1. For region A:159-176, which residues satisfy the criterion of being surrounded by 24 or more Cβ atoms within 10 Å (Cβ to Cβ) and either in contact with an Asp or Glu (Cβ under 7 Å, 6 or more places away or on another chain) or not in a helix (DSSP H, G or I) (or both)?
2. Looking at residue B:73, is it hydrophobic (A, V, I, L, M, F, W, C), under 26 Å from residue A:48 (Cα atoms), more than 7 Å from chain A (Cβ to nearest Cβ) and surrounded by 13 or more Cβ atoms within 10 Å (Cβ to Cβ)?
3. Scan region A:197-207 residue by residue and report those that are without any contact (Cβ under 8 Å) to a residue 60 or more places away in the chain and more than 23 Å from residue B:31 (Cβ to Cβ).
4. Output the qualifying pairs, or none if there are none: Cβ atoms under 6 angstrom, residues six or more apart or on different chains, first residue in region A:171-196 and facing chain B (nearest Cβ under 8 Å), second residue assigned to a loop (DSSP other than H, G, I, E, B) and charged (D, E, K, R).
5. Looking at residue A:72 and the list (1) more than 11 Å from chain B (Cβ to nearest Cβ); (2) surrounded by fewer than 22 Cβ atoms within 10 Å (Cβ to Cβ); (3) assigned to a helix (DSSP H, G or I), which single condition is not satisfied?
6. For region A:47-67: of the residues being at the interface with chain B (Cβ under 8 Å from one of its Cβ atoms) and over 21 Å from the mean Cα position of the chain (by Cα), which is modelled with the highest pLDDT?
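The values are calculated or read from the model by the stated rules, or taken from the named source; none is laboratory data. Please read these numbers as outputs of a predicted model, since none were measured by experiment. Note that each Cβ is placed from the backbone with ideal geometry, even for glycine, and that neighbours are counted across all protein chains shown.
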Amino acid sequence: MSESHSVTASVPHDEHVGHATGGKVAMWLFIAQDGFSFGGLLLAYAMLRTWSHEWPNPQHILGIKFTAVGTFDLICSSLTMVMAVAAAQRSDKKALVGWLTATILGGLFFLGMQAYEYTHLVHEGIGFTQGTWEGHPINPLFGSTFFVVTGFHGCHVTAGVIYLTFILFGAMKGKYTRGGLSSSPVELVGLFWHFVDLVWILVFTFIYLL
Amino acid sequence: MSKKNDTHGQHPAQVPEHAPAAGAHAKPHGPSTSTFVTIWLTLGVLTLVEIFVPQVYSAPWNRHTKVLLLIFLASAKAILVAAYFMHLKWETRWVRWIALMPAYMALFAILLMCEEYFRPLL
């Protein structure tokens with residue numbers, strides 16, 4: 001099994017994608033189509049909001065400072081992820097395992113914050129199809145769009161944590177620290193993880209701050 | 001070539017001998033740790049600025065300034081993540097175009113904003 005893993009092979013230069021591996025091009029195509037999914041949801045949210053007669057100020061309902069901590073946590077986990085990719089590329093197994101673990105913990109912390117936030121909001125009366133705030137009914141679309149967009153992102157974080165965990169198991173076996181192209185699966189999970197961070201930057205702006 | 005491939009598993013010390021030759025083309029100008037830390041700090045500072053924008057421009061007549069500022073800050077952060085953390089800065093034009101495809105949805109967003117802006121005039 002490990003013999004088939006050629007560590008010395010270099011990707012031949014391609015006229016269009018340079019030295020990018022097939023896996024990398026495939027991951028970018030996946031990210032592009034996933035970006036359309038998020039784009040569609042954000043556009044639907046924007047349309048529903050601009051055509052609504054009243055829309056509550058998100059600043060009054062959502063905890064901006066609380067979520068800002070989650071946003072910064074995802075940014076930090078992006079930094080640990082690039083450190084993991086760099087560790088894999090220099091075949092440093094110990095550092096790779098450490099940085100991957102830190103990235104997974106960052107993702108789990110974000111999910112914990114989201115679970116706390118959802119529980120709090122539902123408790124306060126913001127539901128999926130209806131909404132009351134401080135005893136007054138509010139536009140039910142506020143809760144619907146909030147839970148759909150942030151929930152879809154939360155699913156991506158969950159998927160990313162599972163994906164990272166599989167990569168961590170491989171890293172502990174030393175699969176990605178054999179030099180050459182053996183580190184590329186770490187680079188691919190990194191692309192996905194940064195994309196999840198990038199999307200959150202946009203979601204945080206459009207759902208929480210605007 | 002095939003001889004070296006057969007022995008790599010048993011002699012990891014041999015890998016550095018030919019790895020730089022193979023890696024030199026794959027990563028022409030790889031970013032360093034200090035670059036990543038700088039980007040991370042910049043993202044943190046921009047997030048801090050973002051939190052204060054809605055408070056400073058909370059008045060209704062400041063709404064357009066607030067919206068434009070927030071969209072600018074979010075775009076700047078997204079571009080930093082894509083260019084540095086996702087290595088797009090070091091990829092070919094084709095890979096960048098693939099990555100840029102969903103950005104065309106911004107056209108619809110602009111259309112929607114124009115529609116909202118001019119709706120009272122119609």
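1. The answer is A:176, and nothing else.
2. yes
3. Residue satisfying the conditions is A:205 alone.
4. Filtered contacts from region A:171-196: no entries.
5. Tallying (1) more than 11 Å from chain B (Cβ to nearest Cβ); (2) surrounded by fewer than 22 Cβ atoms within 10 Å (Cβ to Cβ); (3) assigned to a helix (DSSP H, G or I), residue A:72 fails exactly one: (1).
6. Here the residue is A:47.
Rundown of residues vs (1) over 16 Å from residue A:200 (Cα atoms); (2) more than 16 Å from the chain's Cα centre (by Cα); (3) in contact (Cβ under 8 Å) with a residue 12 or more places away in the chain, yes/no style:
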| site | (1), (2), (3) |
| --- | --- |
| B:56 | yes, yes, no |
| B:60 | yes, yes, no |
| B:79 | no, no, no |
| B:82 | no, no, yes |
| B:111 | yes, yes, no |
| B:115 | yes, yes, no |
| B:120 | yes, yes, no |
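Yes/no per residue for (1) at pLDDT 95 or above; (2) surrounded by 15 or more Cβ atoms within 10 Å (Cβ to Cβ); (3) within 30 Å of residue A:79 (Cα to Cα); (4) not small (Gly, Ala, Ser):
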position: A:112; (1), (2), (3), (4): yes, no, yes, no
position: A:117; (1), (2), (3), (4): yes, yes, yes, yes
position: A:133; (1), (2), (3), (4): no, yes, no, yes
position: A:138; (1), (2), (3), (4): no, yes, no, yes
position: A:150; (1), (2), (3), (4): yes, yes, yes, yes
